[in-house]
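Structure first, then comments.
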Amino acid sequence: MTASIVRPFQNADLPGAEAALIEVHGTDGYPVEGVDQPASWLRSPDVLAAWVAEVGSKIVGYVAVMRPHGEGAVSLWVQHARSDEEHVAVLARLFVIKEARRRALGEKLMEAATDYAQSRGLRLVLDVMTKDTAAIHLYERLGWIRFGEASHRYGDDRQISAVCFVSPA
């Protein structure tokens, strides 16, 4: 079995991450946005840090920690915790291609993002579409706390229901 690693994203990883994103969209319908411009979606100016999962020399997964903008899970958590956005970041854009699953790569990507956030005194929040049941099970298995529901807004005024999670304390 080929070894797998999780490491910080490098600019040279962009073509592989784009290909993985498009593949995941084809198999899972995730993400609902961003596939038409994968480079912009992956390398948004709001990305604080990102990591890739690699098997052999192939990029098979990705995750980012992003700046909050008061949307969905962020605003709910700030209200719930009586906190402010300065102490919150968003775990986002987590995906692993189908052929690389069952190697704990999603978990390792989340661990890298969580370690980054904790080292900076940030609490991670996210919203996950209710249709993405495998992701919901992953977050719950890793001890993330479900604290509300929101609408995930995308595209031209489209929305889908989502569950909000916060990272373990």
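Observations on the structure shown:
- Top-ranked residue of segment 114-141 - restricted to ones that are of a type in the set (S, T, N, Q) and in contact with a Ser or Thr (Cβ under 6 Å, 6 or more places away or on another chain), ranked as surrounded by the fewest Cβ atoms within 10 Å (Cβ to Cβ): THR130
- Some residue of segment 27-43 being part of a loop (DSSP other than H, G, I, E, B), hydroxyl-bearing (Ser, Thr, Tyr) and either crowded, with 18+ Cβ neighbours inside 10 Å or touching a strand residue (DSSP E or B) at 6+ places or on another chain (Cβ under 8 Å) (or both): yes
- Residues considered: VAL63, VAL74, VAL52. Of these, the only one that is farther than 17 Å from LYS98 by Cβ and crowded, with 20+ Cβ neighbours inside 10 Å is VAL74.
- Residue within segment 142-154 that is within 26 Å of GLU18 (Cα to Cα), modelled with pLDDT of 90 or more, of a type in the set (A, V, I, L, M) and surrounded by 13 or more Cβ atoms within 10 Å (Cβ to Cβ) present: no
- Taking residues in segment 119-143 that are over 21 Å from ASP84 (Cα atoms) and in contact (Cβ under 8 Å) with a residue 24 or more places away in the chain, and partners anywhere that are basic (Lys, Arg) and assigned to a loop (DSSP other than H, G, I, E, B), not one pair has Cβ atoms closer than 8 Å while being at least 6 places apart or on different chains.
- Residues in segment 23-41 that are of a type in the set (Gly, Ala, Ser), under 18 Å from MET129 (Cα atoms) and touching a helix residue (DSSP H, G or I) at 6+ places or on another chain (Cβ under 8 Å): GLY34 only.
- Any hit, segment 57-73, residues being in a helix (DSSP H, G or I) and touching a strand residue (DSSP E or B) at 6+ places or on another chain (Cβ under 6 Å): yes
- Residues within segment 129-169 that are over 27 Å from ALA104 (Cα atoms) and outside any loop (DSSP other than H, G, I, E, B), tallied: 7
- The selection criterion, being under 23 Å from LEU122 (Cα atoms), over 15 Å from the mean Cα position of the chain (by Cα) and touching a residue at least 40 places away in the same chain (Cβ under 8 Å), does not hold for LEU42.
The values are calculated or read from the model by the stated rules, or taken from the named source; none is laboratory data. For clarity, every value in this text was computed on a predicted model and none was experimentally measured. As a convention, Cβ positions derive from the backbone with ideal geometry for all residues, glycine included, and neighbour counts pool all protein chains shown.
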